[in-house]
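Visitor: What follows is a structure written as structure tokens; I'll ask about it next.
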Amino acid sequence: MDKCADAGAKIQSKAAQPLVRACKRAAAKGHLCFGRAPVNSVTETLILPYSAAELDAAGAAGNLRTYDLLGAHCCVRAGQAGVAFAVWAPNAARVAVVGDFNAWQPAAHALQLHRNTGVWQLFVPGLAAGALYKYLVFGSEQAAPCFKADPVAFAAELRPATASIVCDLDGYAWQDARWMQERVRRQQPDTPISIYEVHAGSWRHQTGSAQPLTYRQLAAELVPYAAGLGFTHIELLPLTEHPLDASWGYQTTGYFAATSRFGPPHDLMFFVDACHRAGLGVILDWVPGHFPKDAHGLAQFDGTALYEYADAARAEHHGWGTYVFNYGSAPVAAFLISSALFWLDMYHIDGLRVDAVSSMLYLDYGREAGAWRPNVHGGREHLEAVEFLRQLNAAVHAQFAGVLTFAEEASAWQGVSAPAARGGLGFDYKWNMGWMSDTLRYWSTPLGARAAAQHALTFPLTFAFQENYLLPLSHDEVVHEKRSLLQRLPAEPHVQLANLRALLAFMFALPGKKLLFMGGELGAAAEWDHAGQLAWELSADARHAGVAALVRDLNSIYRVLPALHAWDCSPQGFEWRDISAAQPGVVAFVRHAPGGEALLVAGNFSGAAYPGYQLGVQQAGSYKLLLNTEWAQYGGAAVDAAGELLPAGDQGCHGCEFALSLALPALSVLLLQRADGPA
């Protein structure tokens, strides 16, 4: 049967017939599908949930809580319980809300336009949480109407279905008051921040199944695992709703909806709550740089380029097949900033990692010559995106004290982590992509060729304090035939493991906050597969379990010793001690902290051991060996000598009056501290 005609047969109002005819035309093109309508489904009395004053206030410049009004809200109006629907579609000719509650009838619940704001609204009595719905948006009398998911929906169907779900987010009983009270202190620049980056769908599967863990199962398994390894934070790849698993969440359609892949919204709240009660902060990957062209999403939402640029020179990221947000539109900017604040507000998220910032900053990003137009000053800077990022950071920091923002930014843009008042973008931290690139290139270099590549070890420290940096060993570095961290070096397995242990210790010893993608702690051999799970069988192999033990101890030392975190973002916290290359592949440096505490770091990244390496120190006395990545407990060949005291001899070097004689194994890092004072 023609389902559109069947729906039309149930509609008695003559005024509805043009709408039905339009729907039949659209159905012939595959746009619509209607089920059988229930009796008395057409709205008899129009109830508007919001006054003109409320809508004007919601649309006023500076209102960054659009989610308080837009979307679907369970409420009481005119003495009746139901749902208030409100959607911004200023250029639409008509809008209706359709769903399982009205058998997807196009004429059952037509919304009314408030012209000052472009918001369409309607109250549907008797409706409750759990109802499926979409907006049927007519861009013009000539164009076919289109089903659209609610841009401000709080929940959505499990893919491949795309309907929005009426969801009441109230009612979750948070138990993280202590964490929230301490968050400002915990997330200061002088505190340790060590992040375990996780893709929720592929961290671990349910036992005997290819299904990923649910939010509640992640709370039971991931939270104690990450806490047990000593991380301070978990960072989750995007949990905003997205239709394509292979996008890893980076092509978002639901900017206010937690993906239903892992459970309902309250279960995500439970997960965040569990993290906080375990002393873990939660950082969410968030994507304001682009959005997909899926028909049910934001693209051409009201028949016009509403969320995206209409200008072809700015509208698309052709390499990604996505649209670019119109940052110059005040309502679009407010929509995005409201989304960011929503996760901090409703889900108690502690930080946002803003994806692909470089793509936002430059008008010519990913575009050939002639395919972009300069800004008003003749430059390539995307001035509207720059202003948007400043407003975003200002709003986050003004409304949520202690919350952090991280920029994934790979260019030489100056001031990413500087305050807007000083011309910066206002982020708390910038991912140090230059360090990551140079370091992984060095760690992929054959051992015999590393002497000529020493510059890659030292060069990143020439700009290490130009921004507040985070050192990332992220998901992007273990996919697309880049190989896993373990497999970066073509060598025998025991050499690869030693190479990986040295890399991890080098990262933890350098200035900058830390990030490690899941699987790095296991020494995973295979590249990350978003459809699979981590190779948990490796944890039964003592050599790979040793890598996890090393990560745990590195996190412990990093958190306990101020020398490794207090001056992460200050040049006074770092001092080279040996970059002479007299012993190829060897570097040594000192980390300092307020009060005179210091930590000595010696790294040998060559294939040769140096049994009598001389390391200059400023003070006489004994030095305690805190860690050696070649200890047997980490999978190496050296005998564990934690706490061993090494005396400083009076034959100095490296410009120091005294020196330590160290047995420096191949592919190793040693951490030492003077037993009774500065080094």
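Visitor: Can you pull out every residue in the stretch 534-562 that is without any contact (Cβ under 8 Å) to a residue 24 or more places away in the chain, in contact with a helix residue (DSSP H, G or I) (Cβ under 8 Å, 6 or more places away or on another chain) and either crowded, with 18+ Cβ neighbours inside 10 Å or in a helix (DSSP H, G or I) (or both)?
Guide: Residues satisfying the conditions are 538, 539.
Visitor: Among the residues of the stretch 472-493, are any in contact with a Gly (Cβ under 6 Å, 6 or more places away or on another chain), outside any strand (DSSP E or B) and farther than 21 Å from residue 228 by Cα?
Guide: yes
Visitor: Cβ-Cβ under 9 Å, sequence separation 6+ or interchain: first residue in the stretch 439-451 and closer than 12 Å to residue 503 by Cβ, partner of a type in the set (Asp, Glu) and in a helix (DSSP H, G or I). Which pairs?
Guide: From residues that are closer than 12 Å to residue 503 by Cβ, the pairs are 440/477.
Visitor: Quickly run through the stretch 260-305 and pick out the residues that are among the aliphatic types (A, V, I, L, M), outside any loop (DSSP other than H, G, I, E, B) and under 16 Å from the mean Cα position of the chain (by Cα).
Guide: Listed by number, the residues that qualify are 268, 272, 282, 283, 284.
Visitor: Would you be able to say whether some residue in the stretch 55-64 is surrounded by fewer than 21 Cβ atoms within 10 Å (Cβ to Cβ) and assigned to a strand (DSSP E or B)?
Guide: no
Table: residues versus (1) surrounded by fewer than 24 Cβ atoms within 10 Å (Cβ to Cβ); (2) under 14 Å from residue 154 (Cα atoms).
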residue: 252; (1), (2): no, yes
residue: 269; (1), (2): yes, yes
residue: 286; (1), (2): no, no
residue: 294; (1), (2): yes, no
residue: 303; (1), (2): yes, no
residue: 308; (1), (2): no, no
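Visitor: Looking at the stretch 372-407, which of its residues are in contact with a Lys or Arg (Cβ under 7 Å, 6 or more places away or on another chain) and surrounded by 23 or more Cβ atoms within 10 Å (Cβ to Cβ)?
Guide: Across the stretch 372-407, the qualifying residues are 406, 407.
Visitor: Does residue 50 satisfy the criteria of being at pLDDT 95 or above, surrounded by 19 or more Cβ atoms within 10 Å (Cβ to Cβ), assigned to a helix (DSSP H, G or I) and within 37 Å of the chain's Cα centre (by Cα)?
Guide: no
Visitor: Hey, another quick one. Within the stretch 313-333, is there a residue that is closer than 30 Å to residue 273 by Cα and either modelled with pLDDT of 95 or more or outside any loop (DSSP other than H, G, I, E, B) (or both)?
Guide: yes
Visitor: Here is a list of conditions, (1) under 20 Å from residue 328 (Cα atoms); (2) in contact (Cβ under 8 Å) with a residue 60 or more places away in the chain; (3) hydroxyl-bearing (Ser, Thr, Tyr), and residue 362 meets all of them except one; can you say which number that is?
Guide: Status for residue 362: all satisfied but (2).
Visitor: Still on this structure, I have one more. In this structure, is residue 137 in a strand (DSSP E or B), under 27 Å from residue 266 (Cβ atoms) and among the β-branched types (Val, Ile, Thr)?
Guide: Considered against the rule, which asks whether it is in a strand (DSSP E or B), under 27 Å from residue 266 (Cβ atoms) and among the β-branched types (Val, Ile, Thr), residue 137 comes out as no.
Visitor: Within the stretch 440-456, track down each residue that is closer than 22 Å to residue 474 by Cβ and either touching an Asp or Glu at 6+ places or on another chain (Cβ under 8 Å) or of a type in the set (S, T, N, Q) (or both).
Guide: The answer is 440, 444, 445, 456.
Visitor: Looking at the stretch 150-173 only, could you name the residues that are surrounded by fewer than 15 Cβ atoms within 10 Å (Cβ to Cβ) and hydrophobic (A, V, I, L, M, F, W, C)?
Guide: 158, 161, 173, listed by residue number.
Yes/no per residue for (1) part of a strand (DSSP E or B); (2) buried (at least 20 other Cβ atoms within 10 Å of the Cβ); (3) touching a residue at least 12 places away in the same chain (Cβ under 8 Å); (4) not β-branched (Val, Ile, Thr):
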residue: 568; (1), (2), (3), (4): no, yes, yes, yes
residue: 581; (1), (2), (3), (4): no, no, yes, yes
residue: 589; (1), (2), (3), (4): yes, yes, yes, yes
residue: 596; (1), (2), (3), (4): no, no, yes, yes
residue: 623; (1), (2), (3), (4): yes, yes, yes, yes
residue: 662; (1), (2), (3), (4): yes, yes, yes, yes
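The values are calculated or read from the model by the stated rules, or taken from the named source; none is laboratory data. The shown structure was predicted, so the numbers you read here are calculated from the model rather than taken from an experiment. Note that each Cβ is placed from the backbone with ideal geometry, even for glycine, and that neighbours are counted across all protein chains shown.
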